[in-house]
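So the structure is just underneath, and the comments pick up after that.
Computed from the coordinates by the stated procedures, all read-outs in this text should not be read as laboratory data. Everything numeric here is computed off the predicted structure, so don't read it as measured data. Please note: Cβ atoms are built from the backbone with ideal geometry, for glycine as well, and neighbour counts cover all protein chains shown.
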Amino acid sequence: MKHKITKILIANRGEIAVRIIRTLQQMKIKSVAVYAENDASALHVRMADEAYSLGNGILAETYLSVEKLIQTALKGGAQAIHPGYGFLSENPTLVAACEKNNIVFIGPDSRSMELMGNKITAREYAVKSGLPVTKGVTGNTKALRDKATQIPFPVLVKAAAGGGGKGMRIVRKPEDLPEILESTAREAKNYFGDGTVYIEQFIENPRHIEVQVLADQHGNIVHLFERECSIQRRYQKIIEESPSPTLTPEVREKMGKAAVDICRSIGYRSAGTIEFLVDTDLNFYFLEMNTRIQVEHPVTELVTNIDLVEEQIYIAQGEKLRISQSDIVQQGHAIECRIYAEDPANGFLPSPGKITNYREPEFENLRIDSSLDGPAMVQSEYDPMISKLIAWGSNRQQALITAKNALQEYIIHGIHTNIPYLTAILANEQFIENTISTAFCDTYTDTLLADLEAEKAKTNKSLVAASFLLFNLYQQQLSGFDPENIWQQIGYWRFQMQPQITVDKQLTQFDVVSFDHSGLVLAQKDQQLALKLVAFDGSKITFAFNENREAAVITETVDGTYLLQHKGFTFECDRKDQLNEELDHGKDADQANEDNLFAPMPGRVILVNIKAGDEVNRGTVLLVVEAMKMENNIVAPKDALVEKIHVKAGDMVDSKTQLVQLKNKENQT
């Protein structure tokens with residue numbers, strides 16, 4: 001039955017909510033946003049036609065509350081709910097609640113979702129259907145421990161309701177299994193509301209390739225070809241591309257047909273993704289089905305020119321597919337890079353906090369799906385992905401060039417991100433030559449980080465220091481480009497002759513030859529450096545450096561120093577010749593003391609394993625802090641006694657919160 005939808009509630013947040021709203025705007029459909037109070041000023045809230053608060057509670061009381069979502073949809077007069085991905089997107093309870101309240105769920109029916117959305121039942125169905133799958137065992141925690149010996153190690157512990165790389169752990173030694181079963185179940189319960197886990201065989205060095213499908217309520221099903229998703233960190237995809245540079249045309253056709261056949265056999269409707277593991281001989285094995293829109297759907301949209309969210313809505317309205325299989329072709333190549341708030345140089349620790357400067361790159365054939373449009377707070381309660389950069393090219397090489405150049409001009413200051421790490425991957429020879437697997441990041445991360453440091457070390461520090469000085473003068477000394485300004489008339493030399501600039505704490509000193517409204521000339525040792533101003537907008541300064549065009553984006557930090565980004569690298573800059581208040585660079589020294597353990601980042605304490613008076617050994621897990629849906633173990637740095645515990649399970653903490661006070665054992669010195 002056809003029914004025109006005129007208003008849709010988006011049961012999600014962040015970049016996917018923004019992305020859905022953009023399609024709704026194009027379709028002239030009104031959008032209803034929901035938000036937790038800490039998201040009240042978020043971009044998706046500001047973009048929507050209407051927005052309603054879900055309160056100020058934890059996830060279970062806001063974005064994961066079926067009752068509140070239904071009540072809000074009814075209150076706002078929304079005829080349909082789009083779940084996006086993650087959260088409740090594969091939760092049959094939400095589907096049932098929509099059906100009960102005569103609200104259209106933009107996704108599959110509850111039967112398909114229960115059958116394929118749960119990884120355990122999906123595997124069982126695949127086996128019954130004769131599809132190749134990896135070995136696996138199911139059951140309660142005790143049964144899983146007992147049955148695990150049936151599968152050769154290493155194995156994967158996976159959340160039955162999982163997705164998006166969450167709720168997944170590799171176990172290489174049987175003795176590690178009990179603890180990993182517990183932590184994976186806990187993460188699954190927290191993120192998906194279902195703590196059921198299972199174990200499957202882990203295939204070393206496979207490819208992860210998935211096929212996008214669309215199916216309507218009239219039995220029409222098409223596939224939109226495949227996406228290569230083998231670049232993963234901690235089992236979460238970070239770079240995807242389409243078409244896969246791995247598949248032959250014959251294998252591509254077989255995988256597409258297999259995906260359509262599975263959907264047809266269960267009567268599937270809406271958008272969905274069939275995921276496969278592919279071995280070195282291009283044999284493929286059913287892995288799971290995601291009964292929702294995928295994070296990486298933009299690469300498919302760019303190579304097929306089909307808006308998947310739009311098609312989802314048409315299907316939900318009861319209409320027939322507007323495209324047939326013969327209409328769908330892959331044109332060019334697309335690459336997606338996921339931008340995460342995390343610190344690659346510090347074990348990829350989550351990096352929530354305040355973004356002080358946000359600038360998206362502007363390139364032809366570039367798409368940015370983001371939850372941001374300027375400075376904002378990145379909350380510790382949510383997934384660390386903040387945006388996606390998707391580049392299209394007529395071939396893979398062109399897409400790679402655009403993606404890499406755009407990453408270098410993507411400005412996110414105030415927090416750490418994985419942008420430099422992504423840039424290093426795109427420049428890596430193994431990635432360029434497509435000699436990769438899902439183990440790529442595990443194998444090459446140390447090399448990638450070392451390459452980044454080596455490449456950064458090659459940067460002309462004089463150029464960096466000079467560009468910072470040029471910025472500093474225009475912003476702080478001249479207050480603009482007023483030709484009547486006395487300092488521009490008499491020259492900078494009367495104010496200060498030898499500015500001292502630090503770049504990553506290394507001192508650079510110049511002699512100022514001249515300075516006026518058009519630029520700056522410096523002398524350093526026996527050479528002159530000429531900087532001619534091209535443009536300055538208060539944050540980005542563009543200039544000619546000895547006739548070469550350069551640019552830098554500069555942001556002041558909370559401690560009075562500056563971050564300068566140039567060609568993808570970020571430098572900490574400061575002026576030492578100005579009479580600034582002395583910075584206390586040692587203020588965090590106590591936090592590094594082995595007796596005083598502080599939270600590594602903002603988050604929530606979810607487990608305390610110790611009590612005052614306990615003896616602990618080096619490496620003992622004392623507490624677990626959850627940040628951005630990742631569990632972080634706080635371990636003892638040495639053999640010690642627990643003197644005092646400052647937090648309890650459920651407490652919110654930040655990097656200034658002391659967690660534990662240790663002291664030496666009596667026989668220690």
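Explain nothing, just the number: dipole magnitude of the range 135-201 about its Cα centre with +1 on each Lys and Arg Cβ and -1 on each Asp and Glu Cβ, in debye rounded to the nearest 20.
In total the dipole reaches around 100 debye.
Which value in deg cm²/dmol, rounded to the nearest 500, describes the helix-derived mean residue ellipticity at 222 nm for the chain, given -39,500 (n - 2.57) per DSSP H run of n ≥ 4 and division by the residue count?
Dividing the helical sum by the residues of the chain leaves -7500 deg cm²/dmol.
Take every DSSP beta bridge whose two residues both sit in the chain, then give the antiparallel share in percent to the nearest 5.
90 percent
For S655, S270, what ranking results if the residue with the fewest other Cβ atoms within 10 Å of its Cβ goes first?
The most exposed by this proxy come first: S655, S270.
Over the Cα atoms of the chain, what radius of gyration and what Dmax do you get, in Å?
27.1, 86
Taking 7 Å along the Cα-to-C-beta vector as the label spot, tell me the K648-Q331 distance in nanometres, rounded to one decimal.
The modelled label-to-label distance comes out at 6.2 nm.
About its Cα centre, how strong a charge dipole does the range 590-663 have in debye, to the nearest 20, once Lys and Arg get +1 and Asp and Glu get -1 at the Cβ?
Dipole size: approximately 140 debye.
Put +1 on the Cβ of every Lys and Arg and -1 on every Asp and Glu Cβ in the chain; which of L520, A148, F348 then has its Cα farthest towards the positive end of the dipole?
Highest projection toward the positive end goes to A148.
Could you tell me which of Y235, M255, I293 has its Cα farthest along the dipole of the range 234-303 towards the positive end, charges placed at Cβ (Lys, Arg +1; Asp, Glu -1), taken about the Cα centre?
The residue sitting farthest along the positive end of the dipole is I293.
Using the Cα centre as the reference, give the magnitude of the dipole from point charges on the C-beta atoms of the range 38-114 (Lys, Arg: +1; Asp, Glu: -1; all else neutral), rounded to the nearest 20 debye.
Using Cβ point charges on Lys, Arg, Asp and Glu, the range 38-114 gives about 120 debye.
Note the angle between two axes, namely the Cα long axis of helix 66-76 and the longest principal axis of the Cα atoms of the chain, as a number of degrees from 0 to 90, rounded to the nearest 10.
For helix 66-76, the angle is close to 80 degrees.
Determine, for D614, D109, the number of other Cβ atoms within 10 Å of each Cβ, and report the residues in order from fewest to most.
D614, D109
What stretch of the chain, leaving out the sites themselves, is the longest with no chymotrypsin sites (Phe, Trp or Tyr not before Pro) in a DSSP loop having at most 16 other Cβ atoms within 10 Å?
In the chain, the maximal stretch lacking such sites is 1-362.
I need K147, K525 ordered by Cβ neighbour count within 10 Å, fewest first.
K525, K147
All other residues with a Cβ under 9 Å from the Cβ of Q26 taken together, and with Lys, Arg as +1 and Asp, Glu as -1, what is their net charge?
With Lys, Arg at +1 and Asp, Glu at -1, the net is 0.
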